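Following: one structure in structure tokens, then a few remarks.
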Amino acid sequence: MDYTKKLLEVRDLHKAYSKEGVPTKALNGITFDVLSGEYLGIMGASGSGKTTLLNCIATVIKPTSGQILLSGANISAFDGAKLAEYRGNRIGYLFQDFALLDNLTGRENILLPLSIHNSSIAEKHLNDIAGFLGITDVLSKFPAQMSGGQKQRVAAARSLISDPDIILADEPTGALDTKAARLLMEKLREVNQSQERTILMVTHDPNAASFCSRILFIQDGVIFH
């Protein structure tokens, strides 16, 4: 694994919102790198800009200025097919609230990114991921029939299914009890170490952060440590 290779580069990133005519700076010139194979944690208080940062990297929102490069390519310049390919294949997103569709089974939720982007997958790949995450028994169940931990592991499987370059995790343990949170974090660490998958995780949970290989602290839209 080449730990010296920069996979993701965030350069002088700014994001400002206007609320009732008053501008608010969510990001105020953030610069950092994520190395290939790294498990990087970003910590900070509520409202520090963590989720805004992750949403800019995921192209959910557009930054006001600055650049985000993945493997040297400026993702802000992506449009159409290139943007769809980036969202569908290059990144996996793990949400705090699971973001599962209630009318789809576990299996259908996991395969959703592939069906949206017209990709196919070997059944063995799905079964391998489900077995690894301990969710084989809920593949045919609907989210209402699953525990919180099972839902988040189904969501984790969905973020892994397309073999993305990087997994973006936004407070992934936020809705879980201590036991379910620990199981999820152990699985994510294993994904990082045995599959050499790069993970960028936003969290305010010190227990979750302890699984990361490096931590950056963000405050008032800037990295201060």
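Near the amide H of LEU94, under 5 Å away, which other amide H atoms are found, from residues 5 or more places off or on another chain, if H is placed in the peptide plane?
Sorted by chain and number, the residues that satisfy this are LEU168, ALA169, ASP170.
Between PHE224 and ASP33, what is the label-to-label distance in nm when each label sits 7 Å out along the Cα-to-Cβ direction?
In this crude spin-label approximation the distance works out to 2.6 nm.
According to a simple spin-label model (label point 7 Å from Cα along Cα-to-Cβ), what is the distance in nm between LYS124 and ALA144?
That separation, rounded to one decimal, is 3.7 nm.
What list of ³J(HN,Hα) values in whole Hz, one per residue of region 142-149 in order, does the Karplus curve 6.51 cos²θ - 1.76 cosθ + 1.60 (θ = phi - 60°) give from phi, with Gly and Pro shown as x?
Values per residue, Gly and Pro as x: 8, x, 4, 9, 10, 6, x, x Hz.
What angle do you read, to the nearest 10 degrees and between 0 and 90, between the alpha-carbon axis of helix 178-194 and the longest principal axis of the chain?
80 degrees
At ALA45 and GLN195, where each label point lies 7 Å from the Cα along Cα→Cβ, what is the point-to-point distance in nanometres?
Reported label-point gap for ALA45 and GLN195 is 3.6 nm.
Full-extension gain between ASN74 and THR136, please, as 0.36 nm times their residue separation minus the C-alpha to C-alpha distance.
18.5 nm
Can you list the residues, at least 5 places off or on another chain, whose amide H is less than 5 Å from the amide H of GLN219, using H built in the peptide plane?
Counting only residues 5 or more places away or on other chains, the set is PHE224.
State which entries of LYS6/LYS187; LYS50/LYS179; LYS25/LYS50; LYS62/LYS82; LYS151/LYS187; LYS50/LYS187 exceed 18 angstrom in Cα-Cα distance in the structure shown.
In this structure, LYS6/LYS187; LYS50/LYS179; LYS50/LYS187 lie more than 18 Å apart at Cα.
Determine the relative contact order of the chain: mean sequence separation of Cα pairs under 8 Å and six or more apart, normalised by residue count, in whole percent.
Rounded, it is 30 percent for the chain.
For the chain, report the accessible area per residue in Å² (1.4 Å probe, heavy atoms, rounded to an integer).
The answer is 48 Å² per residue.
If amide hydrogens are placed 1.01 Å from N in the peptide plane, which non-local residues have theirs closer than 5 Å to the one on LEU7?
VAL34, LEU35, SER36
Work out Dmax and Rg for region 23-139 from the C-alpha atoms and quote the Rg first, both in angstrom.
That works out to 16.7, 50 Å for Rg and Dmax.
Determine Rg/Rh for the chain; Rg is computed over alpha-carbon atoms and Rh is the Kirkwood hydrodynamic estimate from the same atoms.
0.96
Give the calculated FRET efficiency between LYS5 and ASN89 to the nearest 0.05, with a Förster radius of 22 Å applied to their Cβ-Cβ distance.
The pair LYS5/ASN89 has a calculated efficiency of 0.70.
Using only the Cα atoms of region 145-212, what do you get for the radius of gyration and for Dmax, in Å?
Cα radius of gyration and Dmax of region 145-212 are 11.3, 32 Å respectively.
What are the semi-axes of the equivalent ellipsoid of region 103-200, taken as the square roots of 5 times the eigenvalues of the Cα gyration tensor, listed largest first and rounded to whole Å?
So the equivalent ellipsoid measures 19, 18, 12 Å along its semi-axes.
The values are calculated or read from the model by the stated rules, or taken from the named source; none is laboratory data. Keep in mind that this is a model prediction, so the values were computed, not measured. Positions of Cβ are generated from backbone atoms using ideal geometry, with glycine treated the same way; all protein chains shown enter the neighbour counts. Side chains are part of the model used for accessible areas, which takes the heavy atoms of the whole protein and leaves out ligands, DNA and RNA. Shrake-Rupley method; radii C 1.70, N 1.55, O 1.52, S 1.80 Å.
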